[in-house]
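Structure record follows, encoded as structure tokens.
No value in this document is a laboratory result; all are computed from the given coordinates. The structure presented is a predicted model; accordingly, all values stated were derived computationally and were not measured. Virtual Cβ from ideal backbone geometry, glycine too; neighbours counted across all protein chains shown.
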């Protein structure tokens, strides 16, 4: 776009929007009308679209970050430079937005507790006392505590270069949690009750290819190779690319979905274009569980667990499953053997053998 066009965040009927203004130009007028969900505001005499990350990226507007003023003022001024440097280092190391958000939240908890005390002056003993407080007073779970330790450890080792500070701080033993899966009959019920073509296709793809929800919403139309019957999964967890098999049984439905919804870039797009949100995908699955009357405490990630479990039950080699799931460590994949070992499930209890 040229200099005659401006993008201005604002409000329209209490909704956050981006106003698009330019002197009349046939080319620009055609372009603006092609934007998904674009509307004309008579009162503002400007075109506008919903304010979301996709349009901000398209228009070159800065994204709101956790370093915004309202976030930084929640800490004492002594520690605001530490948080700024912490976030800068995470971004320079190209950590994912999800990891940056998690680490920032966990590091923020420490800064709020120590108040005006400078975080850079904390000793090993002070940190030990803080983590003990997290266990005994806050009663954090093992996983949450590990996440908090990792974030604080990142600050002192990667930002401050104090590699020896954590040597004498023990870590809690991680709980051994088995993956929660859904059986085949329940999976079929999910498909049957999900009548919306878009939602049904999402659930089938997530299960049929063993995808994380972040991978599902990140699929672009260009990632699908219907001739080779495979889908390119780009920069998934650990920034690792991989290919997964496209189920033969889904090809016709996928083509019908494409004809009906006409996505432009991402396979699944939101109401105003751009990438479908993870939260919306989770809501689709939760609604399907309710309609199917499945009362298990399981999220959409359970479809990925079910994919792996059912492949094992059908005799697929564990190393092939590791590759399809994109696991770096075989130990991660081997968890599913504890869920699905059919030979063990056939063993009779001594109680059943009593005459």
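Before moving on, here are some points about what is shown:
- The simple Förster model, with R0 at 51 Å and r as the Cβ-Cβ distance, assigns residue 144 and residue 221 a FRET efficiency of 0.85.
- Whether the stretch 69-159 is rounded, prolate or oblate, judged on the alpha carbon gyration tensor where a/c under 1.5 counts as rounded: oblate
- Linear extension gain, residue 168 paired with residue 36, 0.36 nm per residue minus alpha-carbon span: 42.0 nm
- Mean separation of Cα contacts under 8 Å (6+ apart) over length of the chain, as relative contact order %: 13 percent
- Based on C-alpha pairs under 8 angstrom that are at least 6 apart in sequence, the stretch 184-342 has a relative contact order of 28 percent.
- Stretched out straight at 0.36 nm per residue, the stretch from residue 278 to residue 157 would grow longer than its current Cα-Cα span by 40.4 nm.
- Tensor-based shape of the stretch 184-342 (alpha-carbon gyration tensor, a/c under 1.5 rounded, otherwise prolate or oblate): oblate
- Helical content alone sets the calculated 222 nm signal of the chain at -13500 deg cm²/dmol, taking -39,500 (n - 2.57) per DSSP H segment of four or more residues and averaging over every residue.
- Alpha-carbon centroid distance for the pair the stretch 268-300 / the stretch 80-123, whole angstrom: 32 Å
- Overall form of the chain: oblate. Here a/c, set by the Cα gyration tensor axes a ≥ b ≥ c, is 1.5 or more, and a/b is not larger than b/c.
- Between residue 24 and residue 84, the FRET efficiency estimated from the beta carbon spacing at R0 = 41 angstrom works out to 0.40.
- Relative contact order for the stretch 86-178, counting Cα pairs under 8 Å that sit 6 or more residues apart, in percent: 34 percent
- Fully extending the segment from residue 92 to residue 123, taken as 0.36 nm per residue of separation minus the present Cα-Cα distance, adds 8.5 nm.
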